[in-house]
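The values are calculated or read from the model by the stated rules, or taken from the named source; none is laboratory data. None of these values were measured; they are calculated from a predicted model. Note that each Cβ is placed from the backbone with ideal geometry, even for glycine, and that neighbours are counted across all protein chains shown.
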Amino acid sequence: MTQDTATNEPHEPTPEERAARDRVRRRAEGMTHHQTADALEAAEEAAGDLDTVDTGTRAEVAEWRRITDLLFDHGGPYAPETDAFVQGQLTARKNHRDTP
């Protein structure tokens, strides 16, 4: 196992991981399952060996995978506003910022 945990254990994401996930979410908005599956395949091909790439690239592939899995039986387009995982992250970030 690598020292990096972008797709492994739960952890506080690095700024690079957050930025990568946010980019994927913006691109995925309005996409269907088949479109996100194509984007996931392209991201995996571009990344190559995930053990040797940076945390941002691993986070990007992981987020495409998560969104593709989410849409598997959804039938509709992706929307971050209806993604429970994204909404939970946003709430946690807000609460963390509000904590003295």
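Residues to consider are LEU50, LEU40; find the one that is of a type in the set (A, V, I, L, M, F, W, C), modelled with pLDDT under 95 and either on the phi > 0 side of the Ramachandran plot or surrounded by 14 or more Cβ atoms within 10 Å (Cβ to Cβ) (or both).
Details: LEU40 fails: modelled with pLDDT under 95.
Result of the check over LEU50, LEU40: LEU50.
Looking across the range 56-100 at every residue that is of a type in the set (Ser, Thr, Tyr) and in a helix (DSSP H, G or I), the one that is surrounded by the most Cβ atoms within 10 Å (Cβ to Cβ) is identified as THR68. Against the test of being modelled with pLDDT under 90 and among the hydroxyl-bearing types (Ser, Thr, Tyr), the options THR91, THR55 yield a single qualifying residue, THR91. Applying the set (1) within 16 Å of GLN89 (Cα to Cα); (2) at pLDDT below 95 to PHE72 leaves exactly one unmet item: (1).
Is it true that some residue in the range 1-12 is modelled with pLDDT of 90 or more, acidic (Asp, Glu) and surrounded by 16 or more Cβ atoms within 10 Å (Cβ to Cβ)? Let's see the steps before the verdict.
Taking the range 1-12 first, the residues modelled with pLDDT of 90 or more are none.
No.
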